[in-house]
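K.L.:
Starting off with a structure, shown below.
The values are calculated or read from the model by the stated rules, or taken from the named source; none is laboratory data. Because the structure is a prediction, the values reported are computed rather than measured. When we count neighbours, we look across all protein chains shown, and the Cβ atoms used for this are built from the backbone with ideal geometry, even at glycine.
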Amino acid sequence: MENFQLLIEAMEYIEDNLTEPIKTENIADKLHCSKSTIEKLFRYINNISIRDYIIRRRMSKVSREIVSNPEKSLLDIAVEYGYGSNEAFSRAFCSVWQVSPSEFRKNPSKFELFPGYRIDRELMEEKTMDDRKKIDISELFDCIRERKGCYLVLGDIKSLIPINEISHKAGDLAIITAMKRMEQAAGAEDIVFRIGGDEFVILTNSKEENYSNSICEEIISHNDEPIFWEEKEIPLSLYVKVICYEGRTALRYSEFFTMLQNELSEEYKRQNF
């Protein structure tokens, strides 16, 4: 949970400073950690660099500003978000939206291209993980390589968007509850980690498929059990899938996590189409 908390604080710092110059060093200093730790964490969770994350978030905010304040000049918006020239501003905007700011104002597209990510701190204060061994993000990939041939259990929350529409805090509670269910189903030597907003993985220490299937059965047994938010009873279920990772030492972080997300996407399609 330490690295997850670090990620949350980094994202909150970015959200609070999008109109200011932000460097990775600034974030690392603020959170009292190394620059490499922050960079690895962002690539691990978001599959993009921290620099690209900042640009996308900034341009998402800018796009809202362009549309919601039609009387405000593009130059004023550029200056507000720290760009010293129209050229630099346009380059950054085009890198995300593939159109110039002026063209976007004429034909606005979907605003939240890259929505912000916040987890309610009150929810995070709850104990969400049990006392199993904790590992650093940088150690995770070594564990994956060491467990070549072991099975992984993938989990994804069903219909998180409708829960978020009730309340983002309800969505946060759903994520934390899903994490708890994955943790409680996993064995003492298994490693549970998160690969996306509502996607989770259990890296087992077993090469027996039946072992992972039993974990799946335990998780599924809790499907439709509700979470409670402001007197609302909200059913919560997860998709689960078992895969065997044969492994190859040259595999990069992004390739591995993309592979896991693709597996979950296939499971979603299988169950819904």
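K.L.:
The conditions are (1) at pLDDT 85 or above; (2) not in a helix (DSSP H, G or I), and Met59 fails exactly one of them. Which is it?
P.N.:
All conditions are met except number (2).
K.L.:
Mind listing just one residue for me: the one in the range 144-161 that is loosely packed, with under 15 Cβ neighbours inside 10 Å and part of a helix (DSSP H, G or I) and, of those, modelled with the lowest pLDDT? Walk me through how you get there before you give the answer.
P.N.:
Of all residues in the range 144-161, those loosely packed, with under 15 Cβ neighbours inside 10 Å come to 145-146, 148-149, 159, 161.
From what is left, the residues that are part of a helix (DSSP H, G or I) are 145-146, 161.
On the way: Arg145: 75, Glu146: 81, Ile161: 87.
Among residues in the range 144-161 that are loosely packed, with under 15 Cβ neighbours inside 10 Å and part of a helix (DSSP H, G or I), the one modelled with the lowest pLDDT is Arg145.
K.L.:
Of everything in the range 204-219 that's surrounded by 14 or more Cβ atoms within 10 Å (Cβ to Cβ) and touching a residue at least 40 places away in the same chain (Cβ under 8 Å), which residue is nearest to Val192 (Cα to Cα)?
P.N.:
Per the stated criteria, the residue is Thr204.
K.L.:
For the range 54-81, give me each residue that is surrounded by 16 or more Cβ atoms within 10 Å (Cβ to Cβ) and either touching a residue at least 60 places away in the same chain (Cβ under 8 Å) or of a type in the set (Val, Ile, Thr) (or both).
P.N.:
Listed by number, the residues that qualify are Ile54, Ile55, Val62, Ile66, Ile77, Tyr81.
K.L.:
Here is a list: Lys207, Lys180. Which entry is among the basic types (Lys, Arg) and within 18 Å of the chain's Cα centre (by Cα)?
P.N.:
Values: Lys207 fails: within 18 Å of the chain's Cα centre (by Cα).
So the residue among Lys207, Lys180 that is among the basic types (Lys, Arg) and within 18 Å of the chain's Cα centre (by Cα) is Lys180.
K.L.:
Another question about this same structure. Can you list residue pairs whose Cβ atoms sit under 6 Å apart, with the first residue in the range 2-31 being part of a helix (DSSP H, G or I) and of a type in the set (Ser, Thr, Tyr) and the second being at pLDDT 85 or above and surrounded by fewer than 18 Cβ atoms within 10 Å (Cβ to Cβ)? Count only pairs 6 or more apart in sequence or on different chains.
P.N.:
Between residues of the range 2-31 that are part of a helix (DSSP H, G or I) and of a type in the set (Ser, Thr, Tyr) and residues that are at pLDDT 85 or above and surrounded by fewer than 18 Cβ atoms within 10 Å (Cβ to Cβ), the close pairs are Tyr13/Lys30; Thr24/Lys35.
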